[in-house]
Structure formats: structure tokens, C-alpha cells
Amino acid sequence: MSRIGKKPIALPSAVTLSVASDNEVTVKGPKGTLTQLVDTDIKISIDGSEVVVERPTEQKRHKAMHGLYRALLNNMVEGVSNGYKQQLEIVGVGYKATAANNILELSLGYSHSIFLAVPREVSVTAVTEKGKNPVVTLEGIDKQLIGQVAAKIKSLRKVEPYKGKGIRMLGEQVRRKAGKTASKK
């Protein structure tokens, strides 16, 4: 039995979960609504304030989907009740970030500024304090979408291992390499 799949999902009092006939799960909460299409083999049952995900057989495919859909549903419940937040730190001399109307403007040492349109489901803010690196904050209810947007922003300037310049998650440890040393004659 899947350890993750067999754990029931606790529903907070403000969250409602409904399953349509085509196995489309809709989760509504104070922060918004999310939907997810679940494979027809997986059975979802609601017992009061708990949701249980069950699989029909011990096939490898069913075992994989069991844990997957339980994790996706749990992320949806967490998202509509509390929301998700991801922070990115921009490290480098002259690197800047500004956000307005869900458009993120990044100045990352290229010859031009990069304008990135963020989906409207995700709110973006950029804060630059004197003496500190700029921090871009992504907030929303869809964990998968926030992770995808964060990965796209990180890919614009990958962290290099010698000086540590680039875009990274706030608090992420970067493995540094030693540079060349001058030879003494």
C-alpha cells in the first residue's frame, strides 16, 4: 500500500470538495477554486471532514497514480485554504527587479531588460531594500503553477558556481567552486 496514498486528507471547515461523474474533482475554499481531472480507475470518497483516495488493484500503474492523486488533492486543499508563497533572490551587482500589473521586469546583466508576463492566477511583487539583494515573491493557490513560474524565472539567469551570481530560491545553498590561483615564480 502506498504510504502517501493511504493517508486521508483532512478538510478544513471552510473548504468543500466535490467529485463530478467524470471524476473531475473541484475544491472550493476562501482563497478560490481549483479543479483536477482524476483517472477513472482511482476512487475518491468523502467521509465527513476527510477525503480518502483508493485504488482498485496492486498494478504498478495504479500504485503510482494512488500516491500522485492523493498528493495533488492535498495540495489543492492546502492552496485554497492557506495559499502558497515562493520567494526568489536575485544575486549580482546591478541586477534589479520591478513588478507592475503582473509584469515582472528583470535587469540581469544582459544588454536589455527582460519583461516576463506572469499568469493572472499568480500575484508577483518585487522588493529591493538598500544593501540587500532584490527579492521576488510569487503568491497564489496553485502550487504547480507557482513552481512552474519560479522555474521559468530561475532559468533566465542560472546561478554560476564561482561568484554565486544569478537567481535562486531564498535560502538556497549554492555549491561554490574555487577559481584559478595565480602561480608564483
*Could you look through segment 25-46, keep only residues that are open to solvent by less than 70 Å² (accessible area, probe 1.4 Å) and not aliphatic (A, V, I, L, M), and pick out the one that is farthest from residue 84 (Cα to Cα)?*
41
*Quick one: in segment 99-114, which of the residues that are over 28 Å from residue 161 (Cβ atoms) and part of a strand (DSSP E or B) is least open to solvent (accessible area, probe 1.4 Å)?*
99
*Considering segment 154-185 alone, what residues qualify as being open to solvent by 100 Å² or more (accessible area, probe 1.4 Å) and touching a Lys or Arg at 6+ places or on another chain (Cβ under 7 Å)?*
162
*Would you check which residues across segment 9-24 are part of a loop (DSSP other than H, G, I, E, B) and either under 17 Å from residue 79 (Cα atoms) or open to solvent by less than 30 Å² (accessible area, probe 1.4 Å) (or both) and list them?*
11, 12, 13, 14, 15, 23
*Scan (1) under 22 Å from residue 141 (Cβ atoms); (2) modelled with pLDDT under 90; (3) open to solvent by 50 Å² or more (accessible area, probe 1.4 Å) for the single condition residue 1 breaks and write down its number.*
(1)
*asked:* Being more than 30 Å from residue 156 (Cα to Cα), in a loop (DSSP other than H, G, I, E, B), open to solvent by 60 Å² or more (accessible area, probe 1.4 Å) and not hydrophobic (A, V, I, L, M, F, W, C) is the requirement here; does residue 57 meet it?
replied: no
_Subset of segment 60-85 (residues that are part of a loop (DSSP other than H, G, I, E, B) and at pLDDT 95 or above)_ = none
_Can you list residue pairs whose Cβ atoms sit under 6 Å apart, with the first residue in segment 46-58 being under 13 Å from residue 18 (Cα atoms) and the second being in a loop (DSSP other than H, G, I, E, B) and at pLDDT 90 or above? Count only pairs 6 or more apart in sequence or on different chains._
49/11; 50/8; 52/8
*Can you pull out the residues in segment 129-153 that are in a helix (DSSP H, G or I), of a type in the set (A, V, I, L, M) and either more than 20 Å from residue 165 (Cβ to Cβ) or open to solvent by 30 Å² or more (accessible area, probe 1.4 Å) (or both)?*
145, 146, 149, 151
*Hey, residue 173 modelled with pLDDT of 95 or more and not in a strand (DSSP E or B) or not*: no
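The values are calculated or read from the model by the stated rules, or taken from the named source; none is laboratory data. Since this is a predicted model, take the numbers as computed values, not measurements. With ideal geometry, Cβ positions are generated from the backbone for all residues, glycine too; neighbour counts draw on all protein chains shown. Areas reflect the complete protein model, heavy atoms only, side chains present, ligands, DNA and RNA absent. Shrake-Rupley method; radii C 1.70, N 1.55, O 1.52, S 1.80 Å.
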